[in-house]
Each structure stands twice: as structure tokens, then as C-alpha cells.
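First up is the structure itself, then whatever we jot down about it.
The values are calculated or read from the model by the stated rules, or taken from the named source; none is laboratory data. Computed from a predicted structure; not experimentally measured. We place every Cβ from the backbone using ideal geometry, glycine too, and count neighbours over all the protein chains shown.
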Amino acid sequence: MSRRVSLDQRIAAHVPDPPSRRVTRAAFERIPRGGLRERMQRSLDDAVQIFELDRLLYDIEVDAQHQWLRRLMAFDAYCAQRDAGAGPDRV
């Protein structure tokens, strides 16, 4: 069973070392340009955009795979008919 990881351990790689880290209430208030809210919103927008693009690519790949499978099955049926001696024009 995995051991629990504290929040401090999880965010340690994303924040400065404790002696130089000073979190104040102002960091969480709305700051006009480049504040925490704006940075978080940009990060969230970027993540959503990446997710939507990945989802679109996934849908395209699934559709292409279905078409490829249909063509493969049709080709397999053609080959089976041809190998049985009844060409596609003789059926």
C-alpha cells in the first residue's frame, strides 16, 4: 500500500525553498496584472485547451481506425471470395 504524501511534499518542487518562501494574503487577492488569479486562470485555460485538442485528435484517430477496420474487413471478404474461386463479378 502506498504511503500518504503530504501537501507540502507534493508542492515542494513547485515553490521556492522554505527560508525564501513568504506567502502573504495579498498573493491571493486580485492583483491587476499578472496576479495569482490571472496566472491560475491562464494555466487552467491552457490545460483545457490541451485537453480539447487531445480529445479532438482522439476522435479523429478513432474515426480513422473504424474506417480502416471496415476497409480491412471488406478486403478480407474480397480475398476469401477470390480464393474460393468465385471472383467478385461472379457472385
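Residues checked against (1) assigned to a helix (DSSP H, G or I); (2) hydroxyl-bearing (Ser, Thr, Tyr); (3) within 23 Å of the chain's Cα centre (by Cα); (4) at pLDDT below 90:
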{"position": "Leu44", "(1), (2), (3), (4)": "yes, no, yes, no"}
{"position": "Ile50", "(1), (2), (3), (4)": "yes, no, yes, no"}
{"position": "Asp54", "(1), (2), (3), (4)": "yes, no, yes, no"}
{"position": "Leu57", "(1), (2), (3), (4)": "yes, no, yes, no"}
{"position": "Ile60", "(1), (2), (3), (4)": "yes, no, yes, no"}
{"position": "Arg71", "(1), (2), (3), (4)": "yes, no, no, no"}
{"position": "Asp76", "(1), (2), (3), (4)": "yes, no, no, no"}
{"position": "Pro88", "(1), (2), (3), (4)": "no, no, no, yes"}
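Whether any residue in region 7-18 is modelled with pLDDT under 90 and surrounded by 10 or more Cβ atoms within 10 Å (Cβ to Cβ) is what I want to check. Looking for residues that are modelled with pLDDT under 90 and surrounded by 10 or more Cβ atoms within 10 Å (Cβ to Cβ), one finds at least one in region 7-18, hence yes.
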